Amino acid sequence: PAPLFPPLQNDSWGKQYSHALFKAMSHMLCIGYGQQAPKGMTDVWLTMLSMIVGATCYAMFIGHATALIQSLDSSRRQYQEKYKQVEQYMSFHKLPGDTRQRIHEYYEHRYQGKMFDEENILGELSEPLKEEIINFNCRNLVANMPLFANADPNFVTAMLTKLRFEVFQPGDFIIREGTVGKKMYFIQHGVVSILTKGNKETKLSDGSYFGEICLLTRGRRTASVRADTYCRLYSLSVDNFNEVLEEYPMMRRAFETVAMDRLDRIGEEPSSLLPGARA
């Protein structure tokens, strides 16, 4: 039979190396023995060795390429894996369709297709870096809220480091009247309605806060609060609220002033604020 390639002794080194590389790759990357069957035992064993080495390199290449592709957007992959678990959970409990749709919409608005272990990331940083990131993330909240805009920067930083991000859907009752309050809320974006016994309805939007009355009075909620739109809020627990205001007593007076005005508007007795809570 005619040789696969014509004699290459008199050709340029580039052509010789090109044909040699083609021959080697045909052995190492093909499933089989390549372009020509081996002749003799030496060729058989060398061909088997080259096929083993080639298959190993190919497997390593596929593995590294897959890992690289996954690492390009690990946060989106983590979100997808998490949501698959949520879907399986909803299916296992046979939740109704409208509930599943609300859960799906909640995840879309809360995580926006990406999921991070933010608490762990911030916990590994130094305090100055952590405070810088939190101040940057909450810059719109600070800019839209007069309470923060005119306050001591140290108070603002102390407050922001203790806030927890939350999302509520239209129609959700964020606060129910008569319940014991353990949080107050700052509105980053969205509209809420404050509902009282007299059917009075007050709207609050970006830059407002609510729920502080209960933390000051240490009593029960004096009104209900309902989300009218998708609301992106920051919550502050009662323990963190008191901890920060112990360091900044003048800011307690600012909260009390707003609380007394709100109590007066809804027909409650402003004196329900605890005297001992005043600075």
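The values are calculated or read from the model by the stated rules, or taken from the named source; none is laboratory data. Computed from a prediction, not measured in an experiment: that's the story for all the values here. All Cβ positions, glycine included, derive from the backbone under ideal geometry; neighbour counts span all protein chains shown. All accessible areas refer to the heavy atoms of the entire protein, side chains included, with ligands and DNA or RNA removed. Shrake-Rupley method; radii C 1.70, N 1.55, O 1.52, S 1.80 Å.
Before moving on, here are some points about what is shown:
- Sub-7 Å Cβ pairs linking a first residue in the range 146-173 that is in the same structural domain as residue 206 (by the TED database) to a second residue that is polar (S, T, N, Q) and open to solvent by 50 Å² or more (accessible area, probe 1.4 Å), at least 6 apart or interchain, are 157/135; 160/135; 170/229, ordered by first then second residue.
- Of the criteria (1) in contact with a helix residue (DSSP H, G or I) (Cβ under 7 Å, 6 or more places away or on another chain); (2) closer than 30 Å to residue 161 by Cα, which one residue 47 fails: (2)
- Boolean, residue 194 is in contact with a helix residue (DSSP H, G or I) (Cβ under 7 Å, 6 or more places away or on another chain), farther than 12 Å from residue 236 by Cα and surrounded by 19 or more Cβ atoms within 10 Å (Cβ to Cβ): no
- Any chance residue 112 is in contact with a helix residue (DSSP H, G or I) (Cβ under 6 Å, 6 or more places away or on another chain) and modelled with pLDDT under 95: no
- Pick from the range 10-50, criterion modelled with pLDDT of 70 or more and in a loop (DSSP other than H, G, I, E, B), ranking: nearest to residue 61 (Cα to Cα): 39
- Filtered residue count, the range 129-184, keeping only those that are open to solvent by less than 60 Å² (accessible area, probe 1.4 Å), basic (Lys, Arg) and closer than 21 Å to residue 206 by Cβ: 1
Here's the yes/no breakdown for (1) of a type in the set (Val, Ile, Thr); (2) under 21 Å from residue 228 (Cβ atoms):
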{"position": "79", "(1), (2)": "no, no"}
{"position": "99", "(1), (2)": "yes, yes"}
{"position": "120", "(1), (2)": "no, no"}
{"position": "124", "(1), (2)": "no, no"}
{"position": "131", "(1), (2)": "no, no"}
{"position": "149", "(1), (2)": "no, no"}
{"position": "157", "(1), (2)": "yes, no"}
{"position": "170", "(1), (2)": "no, yes"}
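- For the range 114-128, the tally of residues that are open to solvent by 50 Å² or more (accessible area, probe 1.4 Å), of a type outside the set (Lys, Arg) and farther than 16 Å from residue 164 by Cβ stands at 5.
- Of the residues making up the range 197-216, just one is surrounded by fewer than 19 Cβ atoms within 10 Å (Cβ to Cβ) and of a type in the set (Val, Ile, Thr), namely 202.
- Within the option set 141, 147, being at pLDDT below 90 and farther than 29 Å from residue 75 by Cα holds for one residue only, 147.
- Answer residue from the range 86-139, given it is assigned to a helix (DSSP H, G or I) and basic (Lys, Arg) and is nearest to residue 158 (Cα to Cα) among those: 130
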